[in-house]
Amino acid sequence: MVEREHGADPHDRIRERMPVLASYAASSVQPLAGTTVAVASHLEPSTGVYIETLRDAGATVYCTASNADSIHGDVVEHLDAQRDVNVFAAEDMSEDALDRAQRDLLGQDLDVLCTDGAELLVKLQSHPDLSPSGIDGVAEQTTSGVTRARAMETDGLLDAPVFAVNHTPMKHWFDNVHGTGESALSNVMLATNTRLAGRAVVVAGYGYVGRGIATKARELGAQTIVTEVDPRKAIRAHVDGHRVLPMAEAAEVGELFFTATGNCHVITDEHFDRLQDGAILCNAGHSDVEVDVDGLAERADVVSDIGEGLIRYRLPDGRAIEVFADGTLANLAGPYSQGHPAEIMDATFAAMFVATRELAGQGDDYTPGVHQLPTHLDREVAEKKCEALGIDIDSLTDRQRRYLDTWRREDIVD
């Protein structure tokens, strides 16, 4: 009889599914030796592996959460016991407590910030006395964070380089499309026992996240409707096979809604009048401001916690509107949320790792402002991921390289 092993580290399975990070952690070279790195992200298991990787590369890591609703207590407990890892977070902490913890973290002597939603960067700008020696650079992993960083750059407020890691292919092609697309849908379906086949699913925003949600919902049989403010993305949604409507019209026909715009007040008072009885509102954007939950609560006669992450708002006319996870991240803050699959986060956090390594070693080569992650670093991550997946690809021949590098191409072909 085979004995069942007890007491194994439950995070080992996550580490096994993150081979690119494992390759960096296993290296005998410690490119981050002597570097202090601050991480603000969703404290779930794959983030824990990323933090361990930074530590194994020689860094002293200070970590906190980017969202109070996505803190996993077991991850905090595990990281708190690690050498050279300092945790500024606790399970079930309030937003005010998280704000204080982030400020305490920024009071340390930091070299590089690894941020989600630019939370640490914005706080550092608001309280420049927190990190006395200044920072060498910032690696930002989200769409909303890059948007905020660019707004700060426009206002002349950035005094360090910021890598827009979110905008590199190894991040947004996979994390945003497949990570958020799958995890948002699967978490809502599991928690609410909701089918997608035949249902009218409205997706607000057709960026990488919105496209992932809409495409995967359609593949599961949903009747997909997209709302947009960008005519180019609206056309892309149309030719991808989705119906495109303004939100005022989509509100009347939709049954299940996902906001994925990175903006605020996407579903508001004017839409509540049009929603069908039983409509479910979910947010897959970074912040809990896309659905005006407070406005809906003010209109309701009765507000009921019906379990599984759902709050029901009964309106005076008898219609019931349900909001999932209080309008915060559907894939990270629901009752069964696990975030993105570890295989997806392996590429995202590997891109964050190489960005951190570059800023720690070559940060002086970059001027203050927002920068794309250098292509050679993104390709480095891709090559390691291909190797881990057993994918072989071709290489350009010398003739093909010459052909691409010249405008006199007939000379190369002949």
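Computed from the coordinates by the stated procedures, all read-outs in this text should not be read as laboratory data. If you're wondering where the values come from, they're calculated on a predicted model, not measured in any experiment. Neighbour counts are summed over all protein chains in view; Cβ atoms, including those assigned to glycine, are modelled from backbone coordinates with ideal geometry.
If you fit an axis through the alpha-carbon atoms of helix 181-192 and take the longest principal axis of the Cα set of the chain, what angle between them do you get, 0 to 90°, nearest 10?
40
Could you tell me which of rounded, prolate or oblate describes the range 1-112, using a ≥ b ≥ c as the square roots of the eigenvalues of the alpha-carbon gyration tensor, with rounded for a/c under 1.5 and, failing that, prolate when a/b is larger than b/c and oblate otherwise?
Because a/c hits 1.5 or more and a/b fails to exceed b/c, the range 1-112 counts as oblate.
Under 1.5 on a/c is rounded, so check that first for the range 177-327, then, if it is not, pick prolate when a/b is larger than b/c and oblate when it is not; a ≥ b ≥ c are the square roots of the alpha carbon gyration tensor eigenvalues.
The shape class here is prolate.
Local charge sum around Thr60 (other residues, Cβ-Cβ under 11 Å, Lys/Arg +1, Asp/Glu -1)?
Combined, the nearby Lys, Arg, Asp and Glu give -1.
Per residue and in Å³, how big is the convex hull formed by the alpha-carbon atoms of the range 35-101?
Here the figure is 64 Å³ per residue.
Taking H as built 1.01 Å from N, whose amide H comes closer than 5 Å to the amide H of Thr194, not counting residues under 5 places away?
The list, which skips near neighbours in sequence, is empty: none.
Out of all DSSP beta bridges with both ends in the chain, state the antiparallel percent to the nearest 5.
Antiparallel: roughly 20 percent of the beta bridges in the chain.
Counting Lys +1, Arg +1, Asp -1, Glu -1, what net charge surrounds Ala101 among other residues with beta carbon under 12 Å of its beta carbon?
For residues surrounding Ala101, the net value is -2.
Just to check I understand the Karplus step: with θ = phi - 60° and J = 6.51 cos²θ - 1.76 cosθ + 1.60, what whole-Hz values come out for the range 281-295, glycine and proline as x?
Running phi through 6.51 cos²θ - 1.76 cosθ + 1.60 with θ = phi - 60° gives 10, 10, 10, 10, x, 5, 10, 8, 10, 7, 9, 7, 5, 4, x Hz.
Quote to one decimal, in nm, the extra length available between Gln82 and Ser23 on full extension: 0.36 nm per residue of separation minus the C-alpha distance between them.
Contour length minus the Cα-Cα distance gives 19.3 nm.
Exposed loop sites here are GluC sites (Glu not before Pro) in DSSP loop states with at most 16 other C-beta atoms within 10 Å. What is the longest stretch of the chain lacking them?
The answer is 92-307.
Give me a comma-separated list of calculated 3J(HN,Hα) values for the range 100-109, in order, Karplus coefficients 6.51, -1.76, 1.60 applied at θ = phi - 60°, integers in Hz, x for any Gly or Pro.
Once θ is set to phi - 60°, the couplings for the range 100-109 become 5, 5, 5, 5, 4, 4, 5, x, 7, 8 Hz.
Percent relative contact order of the chain, based on C-alpha pairs within less than 8 angstrom and at least six residues apart?
It comes to 16 percent, rounded to a whole number.
Which listed residue (Ala360, His11, Val146) has the Cα farthest towards the positive end of the charge dipole for the chain, taking +1 on Lys and Arg C-beta and -1 on Asp and Glu C-beta about the Cα centre?
Going by the charge dipole, the pick is Val146.
Calculated from the structure, Rg/Rh (Cα atoms, Kirkwood Rh) equals which of (i) 0.95; (ii) 1.00; (iii) 1.55?
(ii)
Suppose only helical runs count, i.e. DSSP H with n ≥ 4. What mean residue ellipticity at 222 nm does that imply for the chain under -39500 (n - 2.57) per run, divided by all residues and rounded to the nearest 500 deg cm²/dmol?
The helix contribution divided over the chain gives -11500 deg cm²/dmol.
Would you mind finding the longest exposed-site-free stretch of the chain, with exposed trypsin sites (Lys or Arg not before Pro) meaning DSSP loop and at most 11 other Cβ atoms within 10 Å?
The reported range is 84-407.
Of the options Ile306, Ala184, Ala40, report the single residue whose Cα projects farthest towards the positive end of the charge dipole of the chain (beta-carbon charges: Lys, Arg +1; Asp, Glu -1).
Farthest towards the positive pole: Ala184.
Using the Cα gyration tensor of the range 283-331, with a ≥ b ≥ c the square roots of its eigenvalues, what is the shape: rounded (a/c below 1.5), prolate (a/b larger than b/c) or oblate (neither)?
oblate
Amide H neighbours of Ala300 under 5 Å, counting only residues 5+ apart in sequence or on other chains, H built in-plane at 1.01 Å?
Sorted by chain and number, the residues that satisfy this come to none at all.
Count charges around Ile267 for me, please; just the other residues with Cβ under 11 Å from its Cβ, Lys/Arg as +1, Asp/Glu as -1.
-3
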